[in-house]
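A quick write-up on the structure given underneath.
The values are calculated or read from the model by the stated rules, or taken from the named source; none is laboratory data. Quick caveat: nothing in here was measured; it's all calculated off a predicted structure. Don't worry about glycine lacking a Cβ; one is built from the backbone with ideal geometry, like all the others, and counts go over all protein chains shown. Protein only, heavy atoms only, side chains kept; ligands, DNA and RNA dropped before computing areas. Shrake-Rupley method; radii C 1.70, N 1.55, O 1.52, S 1.80 Å.
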Amino acid sequence: GNVVDAATEMDNFAEEAFARGAYPIIHGVFGGKTGLRDSKMAPSLEGGDKSLSVVDACQGRFSTDELHEWLNQDSLVLFTASKFYQAPPFCGAVLIPKGVADKLRGTPAPQPHTMFDADGLGGFLTEKEMPPCLQSWGEMLGQERRSNVGLALRWEAGLAGMEALSHVPDDVRIAAVDNWAGTVSNMVNGEDNLDAWCTERSIVSIRVQKGDGWLSMSELRDLYRWMSMDVSGLVPDATAEEKEALSQSTYIGQPVHVSDSHAIVRIALGVESLVLYLDDSNSTLQEDQAVVKKLAAIGKHFATLKDSGH
């Protein structure tokens, strides 16, 4: 398969919408599960009066300069601390640029007001999560006796991850991530049956070979399960080095379907691993080496493992 850059398609979509007199909302993805991202994040035109840009930066793998660029072009930014910053799931936020926020102040809540009921937004939000520019929304969500305790606790975990890295300048962090990604990619490509299919910032996406083909999505689900198990006793023909690798409990990113010919698994650097890497890169890379060796051993002995029924 080929990687598709949606930037041109989004430009065409916007022009077609303008021709119809429509108001386009343009959603750009700045890094999905593989880290691949669109080459351009479109701006909101005329401060959001003509079009609205939404930058999906939920992976959290961006620089401060990139964030400021999006906000300066009046893009809404979707963000979650549950990816790179390793907070629990559903730890999300929407960053609203000042220009758009100023236009929202004093505007009435949208209709129908039933959208704010418990079966709508009221089932997820209270007035306490609303910014000042959406005061009218907060009034519709007003539930003084209710608090979104779960969201607050998830953000406490997210803020802990962000604070752990807050003292590290962007250029130091970016250089460390680039160094880590290059080193891990070389580890992967050093194995005959592994391929660093895509390396994007702090995510290395890996194809695993089985015989003369690549493992499929369903096969990688088996591999993903075996990675956290001691499966050394299931492969009697493995070498001593392979059995050592197969005995380790290691953890990787879930499989992702990327092509009709193969799927991938991922080794990703999160905030905890990056902080450790900055302090002791050798120890972090030793853990990554154990992951790579186990991936290679599982790929080599995949048929035997599959036949074991585990």
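For the range 55-164, what Kirkwood radius comes out of the mean inverse Cα-Cα distance, in Å? Present the calculation step by step, with values, prior to reporting the outcome.
On the way: mean 1/r = 0.0658 Å⁻¹.
Averaging 1/r across every pair of different Cα atoms and inverting gives 15.2 Å.
Within the listed set D119, D171, D195, the Gaussian network model of the chain (springs between alpha-carbon atoms below 10 Å) gives the highest mean-square fluctuation for D119.
Normalised by 2.2 N^0.38 Å, where N is the number of residues, the alpha-carbon radius of gyration of the chain equals 1.18.
Determine the dipole magnitude for the range 1-78: charges of +1 sit on the beta-carbon of Lys and Arg, -1 on that of Asp and Glu, nothing else is charged, the reference point is the Cα centre, and the result goes in debye to the nearest 20.
Numbers: 6 positive and 13 negative charges, 56 e Å.
Dipole of the range 1-78, to the nearest 20 debye: 260 debye.
Counting only protein heavy atoms and a probe of 1.4 Å, the accessible surface of the chain is 52% carbon and sulfur. Selection among V256, L134, L194 by position relative to the dipole of the chain gives L134 as farthest towards the positive end (Cβ unit charges, Cα centre).
Suppose the chain between E66 and H167 were pulled fully straight at 0.36 nm per residue; how much longer would it get relative to their current alpha carbon spacing?
34.5 nm
Charging the Cβ of each Asp and Glu at -1 and of each Lys and Arg at +1, and nothing else, the dipole of the chain about its Cα centre rounds to 560 debye.
In the Gaussian network model of the chain, springs joining C-alpha atoms below 10 Å, which of A238, A296, A19 carries the largest mean-square fluctuation? The residue that fluctuates most here is A19. For the chain, the number of Lys pairs with C-alpha atoms closer than 28 Å, counting only pairs eight or more positions apart or on separate chains, is 29. Our helix-only sum for the chain, with -39,500 (n - 2.57) per DSSP H run of n ≥ 4 divided by its residues, gives a mean residue ellipticity at 222 nm of -12500 deg cm²/dmol.
Comparing M162, M115, M227 in a Gaussian network model of the chain, where Cα atoms under 10 Å apart are tied by springs, the biggest mean-square fluctuation is seen for M115. Shape summary of the range 199-310, radius of gyration then Dmax from alpha carbon positions: 14.2, 42 Å. Over the range 49-181, accessible surface divided per residue gives 56 Å², non-protein components excluded, 1.4 Å probe.
For the range 187-310, the solvent-accessible area of protein heavy atoms averages 48 Å² per residue (probe radius 1.4 Å; ligands and nucleic acids excluded).
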